[in-house]
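Novice: Pasting a structure here, questions to come.
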Amino acid sequence: MKVGDQVVYLQDGTKGTIVEIQGNLYHIIWEDHFSSWEFEERLKIQEAYP
């Protein structure tokens, strides 16, 4: 995962964008404009539509 990737939070399906990375923590801006730091294992890359 890298800055700018679109991700999905596995626990509830919320979508967001990675804006910063520090070690194994990812700073995410969520679709509701909330932000949080999350561990990689809680995230997955959002699949692009063809």
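Any read-out appearing in this document is the output of simple, stated calculations on the displayed coordinates, not a laboratory observation. Quantities reported herein were computed from a predicted structural model and do not represent experimental measurements. Don't worry about glycine lacking a Cβ; one is built from the backbone with ideal geometry, like all the others, and counts go over all protein chains shown.
Novice: Quickly work out the Ile29-to-Lys44 label distance, labels modelled 7 Å from Cα along the C-beta direction, and quote it in nm with one decimal.
Specialist: In this crude label model, Lys44 to Ile29 measures out at 2.5 nm.
Novice: Using the Cβ atoms and a cut-off under 14 Å, what net charge is assigned to the surroundings of His27, where Lys and Arg are +1 and Asp and Glu are -1?
Specialist: -2
Novice: Report the normalised scattering of the chain as log10 I(q)/I(0) at q = 0.27, 0.28, 0.30 Å⁻¹, calculated by the Debye formula with identical scatterers on the alpha carbons.
Specialist: Each listed q maps to, in turn, -1.04, -1.12, -1.27.
Novice: Then there's this: Which whole-Hz couplings ³J(HN,Hα) result when phi for each residue of the range 33-39 is put into the Karplus expression 6.51 cos²θ - 1.76 cosθ + 1.60, θ = phi - 60°, listed in order with x for Gly and Pro?
Specialist: Along the range 33-39, the couplings run 6, 6, 10, 7, 9, 10, 6 Hz.
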